[in-house]
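Asker: Please see the structure below; I have some questions.
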Amino acid sequence: MPPLPPITQALLLINVALFAADLLFGRMLTALFALWPLGTHFMPWQVVTYAFLHGSVGHLFFNMLGLWMFGSELERLWGGKRYLQFYFASVLTAALTQLVVGLLIGGAPTVGASGGLFGLLLAFGMMFPNRIIMPLFPPIPMKAKTFVMVFGGLELLFGVTGTASGVAHFAHLGGMLGGFLMMRYWRGQPPFGRR
C-alpha cells in the first residue's frame, strides 16, 4: 500500500480531531459550524466548515474510508494544489445545493465531508473509468465508471423519493456537480472557454 499523500492525510487528521473535539465539547462545534439552512443560524463560513464535522463514528468512518480510497490516488495524480482546489469546489457546490434545497423543501443542519467525497468519487470514475473496485456494499467487483453511475443514480432516487431521510442526498449530488464542472473547467470544455 503506497504512503498516504500529505493533503489527504491532513484532511483525515483534521476530520478525526474535530469529531473528537465536538464530542468533548458537547456538540458545540456542530452548533456553530454545521451548515444551517438560510435564516437565523446561518453564517457564511458554514459553507466550508460543515465538511469537517460528522454526526457519528460510522459517518466519519465511511467518509474517511472514501477519502482515503479515492482522494489518495487523485492527489498523487494531480498534486496537492489542484487536489485541494477540486475538493473545495465540490464542498462548496454541495453546500450551495443543500442551501437551495433547504429553501425549497426545508431542512436541518448538514455536516460531513460527503459532498467533497462525492466530487472525488466522480473524478475517480472519470480519470480511471475501467479500474475495477470492490465496494463494501454490495461486495461485487465493478468498474469505477459503473460504481459512480450507480451511486449517483441512488442519490438522485433517494433524494427525490425522500428515502433514507436525514441524509443530504442533494448535497452529495451537488458535490458531484461541482466536481464535474471543475473537470470541465480544467479541460476548457463548455460552459467554460478554452484555457
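Asker: Scan region 43-62 residue by residue and report those that are part of a loop (DSSP other than H, G, I, E, B), aliphatic (A, V, I, L, M) and open to solvent by 30 Å² or more (accessible area, probe 1.4 Å).
Answerer: Step one: of region 43-62, the residues part of a loop (DSSP other than H, G, I, E, B) are 43-45, 53-56.
So of that shortlist, the ones also aliphatic (A, V, I, L, M) come out as 43, 53.
Residue satisfying the conditions is Met43 alone.
Asker: While we're here: Can you go through Ala144, Ala113 and tell me which one is closer than 22 Å to Leu65 by Cβ and touching a Leu at 6+ places or on another chain (Cβ under 8 Å)?
Answerer: Ala113
Asker: Could you grab me the full set of residues in region 89-109 that are part of a helix (DSSP H, G or I) and either of a type in the set (A, V, I, L, M) or surrounded by fewer than 17 Cβ atoms within 10 Å (Cβ to Cβ) (or both)?
Answerer: Ala89, Val91, Leu92, Ala94, Ala95, Leu96, Leu99, Val100, Val101, Leu103, Leu104, Ile105
Asker: With respect to the numbered conditions (1) over 15 Å from the mean Cα position of the chain (by Cα); (2) within 22 Å of Leu67 (Cα to Cα); (3) outside any helix (DSSP H, G or I), which one is the sole condition not fulfilled by Met183?
Answerer: If we test Met183 against (1) over 15 Å from the mean Cα position of the chain (by Cα); (2) within 22 Å of Leu67 (Cα to Cα); (3) outside any helix (DSSP H, G or I), just (3) comes out false.
Asker: May I pose another question? Any residue at all in region 162-182 that's β-branched (Val, Ile, Thr) and touching a residue at least 12 places away in the same chain (Cβ under 8 Å)? Spell out how you get there, then give the answer.
Answerer: As a first pass, look at region 162-182 and keep what is β-branched (Val, Ile, Thr): 163, 167.
Subset that is touching a residue at least 12 places away in the same chain (Cβ under 8 Å): none.
The answer is no, given that none of the residues of region 162-182 is β-branched (Val, Ile, Thr) and touching a residue at least 12 places away in the same chain (Cβ under 8 Å).
Asker: Return only the number of the condition from (1) open to solvent by less than 20 Å² (accessible area, probe 1.4 Å); (2) closer than 22 Å to Glu75 by Cβ; (3) out of contact with any Asp or Glu (no Cβ under 7 Å at 6 or more places or on another chain) that Phe151 does not satisfy.
Answerer: Of (1) open to solvent by less than 20 Å² (accessible area, probe 1.4 Å); (2) closer than 22 Å to Glu75 by Cβ; (3) out of contact with any Asp or Glu (no Cβ under 7 Å at 6 or more places or on another chain), only one is false for Phe151: (1).
Asker: Let me ask another. Those residues that are touching a residue at least 40 places away in the same chain (Cβ under 8 Å) and either touching a His at 6+ places or on another chain (Cβ under 7 Å) or among the aliphatic types (A, V, I, L, M) (or both), I need them from region 16-30; list them, please. Working first, answer last.
Answerer: Filtering region 16-30 down to residues touching a residue at least 40 places away in the same chain (Cβ under 8 Å) leaves 16, 19, 30.
Hits for region 16-30 are Val16, Phe19.
Asker: For residues in region 110-148 being assigned to a loop (DSSP other than H, G, I, E, B) and among the aromatic types (Phe, Trp, Tyr), which is most open to solvent (accessible area, probe 1.4 Å)?
Answerer: Phe137
The values are calculated or read from the model by the stated rules, or taken from the named source; none is laboratory data. The structure displayed is predicted, hence computed values, not measured ones. As a convention, Cβ positions derive from the backbone with ideal geometry for all residues, glycine included, and neighbour counts pool all protein chains shown. The protein model used for the area step is the full one, side chains on, heavy atoms only, and it has no ligands, DNA or RNA in it. Shrake-Rupley method; radii C 1.70, N 1.55, O 1.52, S 1.80 Å.
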